[in-house]
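The values are calculated or read from the model by the stated rules, or taken from the named source; none is laboratory data. Quick caveat, the model's predicted, so the values are computed rather than measured. Glycine also receives a Cβ, built like all others from the backbone with ideal geometry; neighbour counts cover every protein chain displayed. When the accessible area is computed, the model is the full protein with side chains, heavy atoms only, and any ligands, DNA or RNA have been set aside. Shrake-Rupley method; radii C 1.70, N 1.55, O 1.52, S 1.80 Å.
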Amino acid sequence: MLAPMEGYSDGVLRTLCHAHGADLTFTEMAHVESLLRDNKPALARLEAPDSTPVQIQLLTGREDQLERLIEGFRPFPGFKGFNLNLSCPSKDVIRHGKGAAMVKRATKTQKLVSIIHGHGYSASVKLRLGTNEHEKRNKLYLNSLGGVEADLFIVHAKTAAQGSVEPEDYSVYPECVEVASGIPVIANG
């Protein structure tokens, strides 16, 4: 899989990576609110120049907005579903209760996944181990893995507070897989 990276994983890169073995790719993170406002830069993130298998990564915390977006969505060749971003470490995003702040909101996340599934689309969830060490120590991320019926989970084994040079904590994966109860867990980082 080709993990999304804002500013880098555009349609051309996704196609190139698919040609070299990536079975599934993801768009750059798109804010649902921006897509609903027909924001051109946000819409450009979803451009698919060909049939490369891709999931659209969405950042949201509001069911009403996600429902409106999905109702008006028309699949394109290569579209494989939606990915909910519970991983974004941006302090501004977290302050608004989205991204990594959603890790502790399993019930809300399940509602978002249910909206996607209700329209017949696949839903995956990318998450971190929480916003900080306290949330990680209390294993709040396991609530999402055990309480959300996604089609697959992608776990970035860091907290949002950790910088890119800090190491991932790979020791969490066995428990993540166990708690996910048969839902695939993909290691990311």
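At a glance:
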{"quantity": "Sum of -39500 (n - 2.57) over DSSP H runs of 4+, divided by residues of the chain (222 nm, nearest 500)", "calculated": "-9000 deg cm²/dmol"}
{"quantity": "Neighbour cut-off at most 12 other Cβ (10 Å), DSSP loop, chymotrypsin sites (Phe, Trp or Tyr not before Pro), segment 1-74", "calculated": "8"}
{"quantity": "List 102, 5, ordered by accessible area with a 1.4 Å probe, largest first", "calculated": "5, 102"}
{"quantity": "Derived scalar couplings ³J(HN,Hα) [segment 34-44; Karplus, 6.51 cos²θ - 1.76 cosθ + 1.60; whole Hz; x for Gly, Pro]", "calculated": "5, 5, 5, 8, 6, 5, 4, x, 5, 5, 4"}
{"quantity": "18 Å Cα-Cα threshold exceeded, pairs from 91/158; 40/98; 40/80; 80/108; 80/126", "calculated": "40/98; 40/80; 80/108"}
{"quantity": "Label assignment, Rg/Rh (Cα atoms, Kirkwood Rh) derived from the structure, set (i) 0.98; (ii) 1.02; (iii) 0.94", "calculated": "(iii)"}
{"quantity": "Net dipole in debye of segment 48-189 [+1 Lys, Arg Cβ; -1 Asp, Glu Cβ; about Cα centre; nearest 20]", "calculated": "380 debye"}
{"quantity": "Accessible surface of residue 133 - all protein chains present, 1.4 Å probe, nearest 10 Å²", "calculated": "90 Å²"}
{"quantity": "Exposure rank, largest accessible area first [38, 64, 169, 23; 1.4 Å]", "calculated": "23, 38, 64, 169"}
{"quantity": "Accessible surface, per residue, of the chain when the full set of protein chains is kept, probe 1.4 Å, Å²", "calculated": "48 Å²"}
